[in-house]
Amino acid sequence: MMSATSESIGQMIRDARAARGWSQQKLATELGTVQSAVHRIENGQQNLSLSMIGRLAEALEMPLIQTATEGTVNFEIEGGRTLSGEIDVRTSKNAAMAILCASLLNHGRTVLRGIARIEEVDRISEVLTSIGVTLTWIGDNDLEIRRPAQLTPETIDARAAKRTRSILMLLGPLMHEFCNFRLPFSGGCDLGARTVHPHMSALSRMGLTVEATDGNYHAAVGERSEEHRSITLIERGDTVTENALMAAARTPGVTTLRNASGNYMVQDLCFYLQLLGVQIDGVGTTTLTVTGVEHIEQDVEYSISEDPIEAMSLLTAGIVTRSEIMVRRCPIEFLDVEFAVLDEMGQQLKFSEEYASRNGKTRLVDVTVIPSELKAPLDKIHPMPFPGLNIDNLPFFAVICATATGQSVIYDWVYDNRAIHLKKLSELGANIQLMDAHRLLIIGPTSWRGRRIESPPALRPAVCLLLAALAARGTTTLMDVYVINRGYEDLPQRLNKLGASINTFWGEPADEN
């Protein structure tokens, strides 16, 4: 079939709206969004999620929209452009997912400020709506959450649940509501086998047992008689810590979590739970002490902090294209090690004075990327739990090291498949050897070249291909980029404002590279 671009889809929507005699505000009301979002859609300036396409088709009685957007969402990237200007870091996807799940603990009203409109948020929103939660968008990026007196996990949207690993974080909240309940197996990125045993080990100490059968987690809640619990997590994982925090938040008595993650999304969750009246000591450390509250009914507002992974993505765009750009609102506490590695490689960065995020807690800086000649690091680059180099920022160093002169080793000890996905950078010209399932040998510098390439089913490696394509000679067609839309809000349009040339289209391209 012929491809449909975001501009052509926008024209179809504009014509259909005009034919009905609707204003942009009327269509926005029907969609549960704001007029400015409709304006961007009609001008081809906003990514359309699958759920938004469905809502547009229903509101305008236009199945043609869905027909035109059949097949995959793809990017056509004209590389070799120098970027310039300023760009803001958006709020954290991972923090948003945790707090959306944690909102189930609260029988009052929660308003989340600055939440990203991305596929991952759409999926967990569909899950929450399916069990009785009312979600109302206020403006572009604020979300009001009201839960019913009684949730209905038996009506859960299994299709949406299976497309996000965040479904695991419903175990902690739901164990306070039901003696028995069932959740579908979790999905998300293809990064290899990731056991849920650490979750079960922690939650079992608070009375929850889980059996995995027939494509579902079958959960049962037993007695929780201990007044004081000391739980050592067998893995310092982010979602494991978040699940344990949500379980402890409404478990009477004091729970001490040792070997806990202090990462950015965990801190955001702690700040939200503190607003709900839960006492948490040790935020940002590996020991969290939680005083549980049996019932929570608070009307609260919380502003999610900025995403250090998106910050690193945007910084990498400037680094690999040798461009001077300013990336504003970078959460420096969660980028310190990354900046130290970049400094060792010869990358020049200029920092503003620190200032506070809208949550009043997270420290931000504006970072200007100065075009630099990079050399390979002396040692391998590997991730560590916070405050080490962030696990999700490691892939960007594969692109950066391919730009540098010399030989680099990337050691991704956490995931089984991510190094394999990053090997796809060789299709754009990088000299990358897969040493084993966890290690990459990269020899630079790279003369990037554009071509048609399939996006891997993993978020960060897919974005790395997009970033490499920005620096490549010629045109790169990146096919099936759903996974990028899972984690980034309007990334092509935002990069285009810096001078990139990224076109979104659906279906197969008319001319393949």
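The values are calculated or read from the model by the stated rules, or taken from the named source; none is laboratory data. As the structure is a prediction and not an experimental result, all values here were calculated from the model. Positions of Cβ are generated from backbone atoms using ideal geometry, with glycine treated the same way; all protein chains shown enter the neighbour counts. Only protein heavy atoms, including side chains, enter the accessible area calculation; ligands, DNA and RNA are left aside. Shrake-Rupley method; radii C 1.70, N 1.55, O 1.52, S 1.80 Å.
Observations
- Additional length obtainable on full extension of the chain from ASN431 to GLU344, 0.36 nm per residue less Cα span: 29.2 nm
- Long-range amide H partners of ARG229 with built H, under 5 Å: VAL254, THR255, THR256
- Projecting the Cα atoms of TRP506, GLN267, ALA202 onto the charge dipole of the chain, computed from C-beta unit charges around the Cα centre, puts TRP506 farthest toward the positive end.
- Accessible area of the chain belonging to carbon and sulfur atoms, whole % at 1.4 Å probe: 47 percent
- What separates the Cα centres of segment 1-46 and segment 400-414 is a distance of 43 Å.
- ASP140/ASP299 FRET efficiency (R0 25 Å; Cβ-Cβ; nearest 0.05): 0.70
- Seen from MET345, the other residues with C-beta closer than 14 Å to its C-beta sum to a net charge of -2, counting Lys and Arg as +1 and Asp and Glu as -1.
- Given (i) 73, 60, 38; (ii) 89, 80, 46; (iii) 65, 64, 47, the label whose value is Cα extents along the principal axes in Å derived from this model: (iii)
- Here the extension length gained between ASP214 and ARG452 equals 81.8 nm, from 0.36 nm per residue of separation less the Cα-Cα distance.
- Value of relative contact order over the chain, rounded to a whole percent, pairs C-alpha under 8 Å and six or more apart: 20 percent
- Partner lysines whose Cα lies under 21 Å from the Cα of LYS361, excluding those fewer than 8 positions away in the same chain, are identified as LYS93.
- Charge tally in the Cβ shell below 9 Å around THR286, where Lys, Arg are +1 and Asp, Glu are -1, THR286 excluded: +2
- Over segment 80-123, accessible surface divided per residue gives 24 Å², non-protein components excluded, 1.4 Å probe.
- Inter-site label distance for SER8 and SER84 at 7 Å from Cα along Cβ, in nm: 3.4 nm
- Near ASN417, the amide H atoms lying under 5 Å from its own belong to GLY192; only residues 5 or more places off or on other chains count, and H is placed 1.01 Å from N.
- Here the dipole of the chain is about 300 debye; that uses its Cα centre as origin and unit charges on the Cβ of Lys and Arg (positive) and Asp and Glu (negative).
- Taking the Cα centre of segment 213-277 as reference, the dipole from Cβ charges on Lys and Arg (+1) and Asp and Glu (-1) amounts to some 160 debye.
- Here the 3J(HN,Hα) profile of segment 433-445, calculated from phi with Karplus coefficients 6.51, -1.76 and 1.60 at θ = phi - 60°, is 10, 7, 6, 6, 5, 10, 10, 10, 9, 10, 10, x, x Hz, Gly and Pro shown as x.
- Extension gain, PHE178-HIS197: 0.36 nm per intervening residue step, less the Cα-Cα distance, totals 4.7 nm.
- Taking the DSSP bridge list for the chain and keeping only pairs wholly inside it, about 75 percent are antiparallel.
- Each Lys or Arg adds one and each Asp or Glu takes one away; over the other residues whose Cβ falls under 12 Å from the Cβ of HIS218, this sums to -1.
- Using a Förster distance of 22 Å, the FRET efficiency for ASP281-THR152 (Cβ separation, nearest 0.05): 0.05
- Under 13 Å of direct C-alpha separation, and excluding same-chain neighbours fewer than eight residues apart, LYS375 reaches these aspartates and glutamates: ASP343, GLU344.
- Rounded, prolate or oblate (a/c below 1.5 giving rounded, otherwise prolate when a/b exceeds b/c) for segment 90-130 by Cα gyration tensor: oblate
- Partner aspartates and glutamates for LYS424 [C-alpha distance under 16 Å; skip if fewer than 8 residues away on the same chain]: ASP190, ASP412, ASP416, ASP436, GLU454, ASP480
- Placed amide H near LEU208: partners under 5 Å, 5+ positions off or other chain: GLY222
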